[in-house]
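Undergrad: First the structure, which I've put down as structure tokens, then a few questions once you've had a look.
Coordinate-derived values only; no laboratory data. Just so it is clear, the model here is predicted, and its values are computed rather than measured. All Cβ positions, even for glycine, are placed from backbone atoms using ideal geometry, and neighbour counts span all protein chains on display.
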Amino acid sequence: MAATIFYILSAVALIATLLCITRRNPVHAVIYLVHAFFALALMFYLLGAPLVAAWEVIIYAGAIMVLFLFIIMMLELAPDESEHSTSTWKRWTPVLLLALALVVCTLLIMGIESVVGKEGVPAYYASPRDFGYALFKEYALAVEVVSFQLLFAAVGAFYVGKKEWRRGGRK
């Protein structure tokens, strides 16, 4: 059963990613990418990595997608008007089907977890304490390098946005 759910989730992730790449409207592309991230999070959970699954939802589907939406709003990327010529039903069908597949898979995983219980926890499962110890003790330098990269990216985005703000004469 878990293997079937895994393959369904992988198909959802692939379809959502393909739809993300092919959309002309950037907001629609972000919505499809969020679907792909949720499918990946459920796949990580099935593989015995609930902490990585939670981070996938919190960091990627949450924080990074909000950042993408802010960039889309800051750059004022107008949606293509020709896309609105299609009916509403045709535009919403893929989103609803992907969301339905994710909800069904989530409910199935919850059903499997309640039946299996603690015996289903893999032997390689690392607790959050073990993971944090390894991350900040053994790989502390890598964590610091990544944090500096994120800081430089934030400062660069602020500088680019501020420069554009001055040139545009916005108040």
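Undergrad: With label points built 7 Å along Cα→Cβ from the Cα atoms of residue 108 and residue 63, find their separation and express it in nm.
TA: 3.2
Undergrad: Determine, for each peptide in 33-39, 60-66, the mean count of other beta carbons within 10 angstrom over its residues, then list the peptides with the highest first. Walk me through the numbers on the way to the answer.
TA: Values: 33-39: 22.7, 60-66: 14.6.
Packing proxy ranking, top to bottom: 33-39, 60-66.
Undergrad: Tell me the label-point distance for the pair residue 25, residue 154, using the 7 Å Cα-to-Cβ offset, in nm and rounded to one decimal.
TA: Taking the two extended label points, one gets 3.2 nm.
Undergrad: Treating only the Cα positions of region 1-82 as identical point scatterers, give the base-10 log of I(q)/I(0) from the Debye formula at each q in 0.13 Å⁻¹.
TA: Result of the Debye calculation: -0.45.
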